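One structure is given below, encoded as structure tokens.
The values are calculated or read from the model by the stated rules, or taken from the named source; none is laboratory data. From a predicted model like this one, the values you see are computed outputs, not experimental measurements. Because the Cβ atoms are built from the backbone with ideal geometry, glycine has one as well, and the counts that use them run over all protein chains shown. Surface accessibility is based on the protein's heavy atoms, side chains included, excluding ligands, DNA and RNA. Shrake-Rupley method; radii C 1.70, N 1.55, O 1.52, S 1.80 Å.
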Amino acid sequence: MNIFLVIVIFFLGASVGSFVNVLVSRSIAGSDWLRGRSQCERCGKPLAWYDMIPLLSFAIYRGKSRCCKRSLSMAHPIVEGLFGMLFVWWLLVGFIFFQLATAPWTIVQPIFWLGIGILLLMIMVADATYGVILMPFIYISIIWIYGYRFALAISGTYQWTDLGITLLSGVLSFGFLQALHVITKGRGMGDGDPYLAFVTGSLLSGIAAFWGMLSAFILGAVWGIGLILLSLKKMSQTIPFGPFLVIGCLITLLVIRF
Ligand SMILES: [Zn+2]
């Protein structure tokens, strides 16, 4: 594999990550997704293009804004790096399990997996930084997954019973977290987490949905206990569960494919 291509795809991913940061913060602020120029997060001055080069701007100005020399959030380089890695993974590893060999699936299958990867990372970033599950991204993910599998079923590439199992896996995952949400009166589980579980459960489908959920709980428990031991959180404080659902889902996808 050409190293130049890998670097290009990494920065392409990092640029998508940079754009996702803007989309997520505008969604949280309730402002228009596409209108308005990017501004300095500290003083509000408009940014020039060379302030917005993913990762490089942050590195060159050493994490400070060029206009007012104040520290910028570490969330930017972390998110850009995550998206860069997603794209490199998709290019280097993903193509091993993109096995549909007939048109148009040779093209549609890689696009589907890159798209759902972007959506899940977006949901994870929003939950990790703001503690909210952004419902517009959940709806888009549901349409993305069911649209793809429905089209596969119509073309005969996917069994209709598999589509039924997908739906059942999503509903059971949703129901399990919704039950926890009700039992703990919203303290153990947020409002949006069951909907995210519907997405990850549908994507994994079948027994994999169970493994994904179990991984999420184990990761969440390890993380929570770690934070308490390090005295960073008290027992009564909650941590967002969305990131664990997403990471558990990604780990399960990797494990069941290899
Ligand atoms: Zn500034």
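Observations, loosely collected:
- Taking the chain and dividing mean pair separation by its residue count, relative contact order in percent (alpha carbons under 8 Å, at least six apart): 15
- At least 24 Å along the helix axis (C-alpha) and Kyte average at least -1.0, DSSP helices within the chain: 3-29, 105-130, 135-154, 160-183, 207-229
- Per-residue [θ]222 nm for the chain (sum of -39500 (n - 2.57) over DSSP H runs n ≥ 4, rounded to 500): -22000 deg cm²/dmol
- Nonpolar atom fraction for the chain, defined as the carbon and sulfur part of the 1.4 Å probe accessible area, stands at 71 percent.
- The figure for F198 is an accessible area of roughly 30 square angstrom, using a 1.4 Å probe on the protein chains alone.
- Considering only L204, F11, F95, and ranking their Cα positions along the charge dipole of the chain that arises from unit charges at the beta-carbon of Lys, Arg, Asp and Glu, the one farthest toward the positive end is F11.
- Computed from label points 7 Å out along Cα-Cβ, the spacing between L56 and R42 is 2.2 nm.
- Over all orientations, region 1-97 has a Cα convex hull whose mean projected area works out to 7.1 square nanometres.
- Kirkwood Rh, angstrom, region 107-258 [1 / mean 1/r, Cα pairs]: 15.9
- Overall, region 1-97 carries a charge dipole of about 500 debye about its Cα centre when +1 sits on the Cβ of Lys and Arg and -1 on the Cβ of Asp and Glu, all other atoms neutral.
- Heavy-atom accessible surface of the chain, averaged per residue, reaches 56 Å², computed with a 1.4 Å probe.
- Candidates G220, V246, F176 compared by Cα position along the dipole of region 134-258: farthest toward the positive end lies G220, with charges placed on Cβ.
- Modelled spin labels at L12 and A75, positioned 7 Å past Cα toward Cβ, are 2.7 nm from each other.
- Förster radius 25 Å - calculated FRET efficiency between I111 and Y139 (Cβ-Cβ, nearest 0.05): 0.85
- Relative contact order %, region 1-97, counting alpha carbon pairs below 8 Å whose residues are six or more apart: 42
- Scattering curve values for the chain, log₁₀ I(q)/I(0), Debye with Cα scatterers, q = 0.08, 0.14, 0.15 Å⁻¹: -0.36, -1.07, -1.19
- Region 192-256 versus region 125-153: alpha-carbon centroid distance in Å: 16
- Judged by the mean number of other Cβ atoms found within 10 Å, the most tightly packed of the peptides 41-51, 166-176 leads the ranking 166-176, 41-51.
- Two-site FRET efficiency, F150 against T102, from Cβ-Cβ distance with R₀ of 22 Å, rounded to 0.05: 0.80
- When peptides 24-31, 177-184, 110-117 are ranked by their average number of other Cβ atoms within 10 Å per residue, the highest-first order is 110-117, 177-184, 24-31.
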